[in-house]
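Heads up, the thing below is written out as C-alpha cells.
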Amino acid sequence: MQNERKTMNKKPVFTVPAKSILNLDSKFKEKGLSDGPTFSAGSACAYSCCYCYVPAMMSRNPHTRVLADNKASFEGSVIRRVNAPEILHQQLHYADGRPRYADPRDTRVVYASPLVDVGANLELARETIELCRIILRSTHWQIRLLSKSTLLPFIARELNDYRNRMIYGVSTGTPDDGIAAAIEAGTSKVSKRIESLHQMQDEGYRTFGMICPSLPQPDYVAFSKKMCQALRIERCEHVWCEVINVRGQSMTRTVTALQQAGYHDCACQLAATSNRQVWEDYARATFLAHTQLIPAGKLRFLQYVTAESRQWWSQQTNKGAILL
Ligand code: SF4
C-alpha cells in the first residue's frame, strides 16, 4: 500500500497497518533514555544517516514487506503506520474509555522515537505533537523527544501547556556542518540544531544533550570541550554520548561517505576502528575525555561491551558509563 502523498523528503512514502505505536517494554530503558516505554508512528525514517542502526534492526520486521513488494530500499523509503493517533489512544485506554495509566504517581519517561526522527518535516512534527497530546492528556508521563531537525522549538511551543513534562534534545555527534552533511542526508545543519537547542534553553524548556555518534578525534578533550560548550551542558539535564558502532553496513557506508565528501583523514581514522583494539581505544578515549567535563550524575555514556572489555567498563559506571 502506498500513501496518497507520493513522497516525503524526496523519498516514497509507504503506509502499513500496525498493532501498536507504544512499546511499554523497550530496550531504551537500558540506555536511560526512557523508563521503559517508547513510541513511534513510523518504521522507516524520512532522513538517511549512513550510521543508522534501524535498517539492520528492521530487516526482518513485517513492516518492511511493503518495500520488497515495491522493489524499494529501506534507506530510500519512508514507512508510516496507519491511524497512529487512534492506535495510540486505544493502547492508553480500556475498552470503556477509562485511561489505563491514570495514577498521578506514575510519572515515567516515554522516549520517541526509537525508529524514526520525530521532526523530519512539518507534517511529521505535527503528527508528533498530536501523539504527545494523547499521551499527556491520558497519563502523567513525561516525554523525551530527540531529533536532528530544527523543529523541536515549534513542537515545544505547541506543547507549552505541558512544558514541565517534556524534555527535548538534538542529536549532535559532530560540531562540523560539513562532516554532518556528509554522513546524514536530509537532516538540518548541526549548527542550526544547536541554535534550536539554545532557543529552547533560553525559553526555559527542559533539554538534554546527545553527543552521538562521535567519530575518532585527534584530541578527545578538545572535542569534548567544544561539544559541551556548544550544547551548554550546564543547562542540560543529562548528556548521552556514544561512539560509532558497527551494525550491518553502517560503518562501511559512513567511511565511504566521508571519503566521497573529501574527509579523507576522518574516513581513514574511522576505517582503522574496524580493528577491535583500535575501536576499544577510541571508545575509552572518548569516554575519559567526557568524564573530565561532564559531571558523573549528568553523563550517560553508552558502551557495548565484550567479555574482555566488560571489567574495565564496569569500573566506570560511577563516572557515567552505561554498559550495553
Ligand atoms: S535520524 Fe535517526 S532514525 Fe533517522 S536515519 Fe538518522 S539515525 Fe536513523
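Values in this text are rule-based calculations from the coordinates and carry no lab data. Nothing here was measured: the structure is a model prediction, and the numbers come from that model. Note that each Cβ is placed from the backbone with ideal geometry, even for glycine, and that neighbours are counted across all protein chains shown.
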Anchor Lys225: lysines whose Cα lies under 18 Å away (excluding residues fewer than 8 positions away in-chain): Lys298, Lys319
I'd like the FRET efficiency for Leu288 and His140, computed as 1/(1 + (r/R0)^6) with the beta carbon distance as r and R0 of 45 Å, rounded to 0.05. 0.70
To the nearest 0.05, the calculated FRET efficiency linking Lys10 and Asn70 through their beta-carbon distance, R0 being 22 Å, is 0.85
Measure nothing fancy, just the Cα-based angle from helix 122-138's long axis to the longest principal axis of the chain, in degrees from 0 to 90, nearest 10. 70
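R0 = 51 Å: FRET efficiency of Asp202 with Ser274, Cβ-based, nearest 0.05?
Details: r = 42 Å, r/R0 = 0.82.
E(calc), rounded to 0.05, equals 0.75.
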J(HN,Hα) series, the stretch 62-78, from Karplus relation 6.51 cos²θ - 1.76 cosθ + 1.60, nearest Hz, glycine and proline x: x, 5, 8, 4, 4, 6, 4, 4, 9, 6, 10, 8, 5, 5, x, 9, 10
Would you mind calculating the gained length between Ala222 and Asp96 on full extension (0.36 nm times residue separation, minus the Cα-Cα distance), in nm to one decimal? 39.6 nm
The stretch 52-91 and the stretch 272-312 have their Cα centres apart by a whole-number Å value of 32
Setting aside same-chain residues fewer than 8 positions from Lys27, which aspartates and glutamates have a Cα under 15 Å from its Cα? Asp35
Mind telling me which of Thr139, Thr172, Thr286 comes out most flexible in a GNM of the chain, alpha-carbon contacts under 10 Å? Thr139
Stretched out fully, how many nm does the piece from Gln315 to Glu30 gain, at 0.36 nm a residue minus the Cα gap? 100.9 nm
Cα→Cβ-extended label distance, 7 Å offset, between Glu237 and Asp177, nm: 3.1
Using every Cα-Cα pair within the stretch 5-143, state what percent have a distance larger than 23 Å. 34
Phi-based couplings in Hz for the stretch 23-40 (Karplus 6.51, -1.76, 1.60; Gly and Pro marked x): 10, 7, 10, 8, 6, 5, 5, 4, 7, x, 7, 9, 9, x, x, 9, 9, 7
Residue among Val305, Val54, Val78 with the largest mean-square fluctuation in a Gaussian network model of the chain, springs linking Cα atoms under 10 Å: Val305
When a/c is below 1.5 the answer is rounded, else prolate if a/b is larger than b/c, else oblate, so apply that to the stretch 148-324 with a ≥ b ≥ c taken from the square roots of the Cα gyration tensor eigenvalues. oblate
Which residues qualify? For Ala185, with a placed amide H closer than 5 Å and at least 5 residues away or on another chain, they are Ser48, Cys49, Cys50
Counting only helical runs of four or more DSSP H residues, what would the 222 nm mean residue ellipticity of the chain come to if each run contributes -39,500 (n - 2.57) and the total is spread over all its residues? -10500 deg cm²/dmol
Quick one: which residues, 5 or more positions from Phe301 or on another chain, have an amide H under 5 Å from its amide H? H modelled 1.01 Å from N in the peptide plane, none for Pro or chain starts. Cys241, Ala321, Ile322
Phi-based couplings in Hz for the stretch 254-260 (Karplus 6.51, -1.76, 1.60; Gly and Pro marked x): 5, 4, 4, 5, 5, 4, 5
For the table Lys6/Lys31; Lys6/Lys29; Lys29/Lys189, the rows whose alpha-carbon distance is greater than 31 Å are Lys6/Lys31; Lys6/Lys29
Between the helical axis of 276-293 and the dominant principal axis of the chain, each derived from Cα atoms, what acute angle in degrees is found, rounded to the nearest 10? 80
Per residue, what volume in Å³ does the Cα convex hull of the chain take up? 136
Using a 10 angstrom cutoff on alpha carbons, build the Gaussian network for the chain and name the most mobile of Ala95, Ala120, Ala44. Ala95
Quick check: pseudo-label points 7 Å beyond the Cα along Cα→Cβ at His264 and Ala56, how many nm apart are they? 2.8
For the chain, what is the charge dipole size about the Cα centre, in debye to the nearest 20, if Lys and Arg each add +1 at the Cβ and Asp and Glu each add -1 at the Cβ? 400
Between Ser43 and residues 5 or more places away or on another chain, the pairs with built amide H atoms under 5 Å apart involve Ile79, Arg80, Arg81
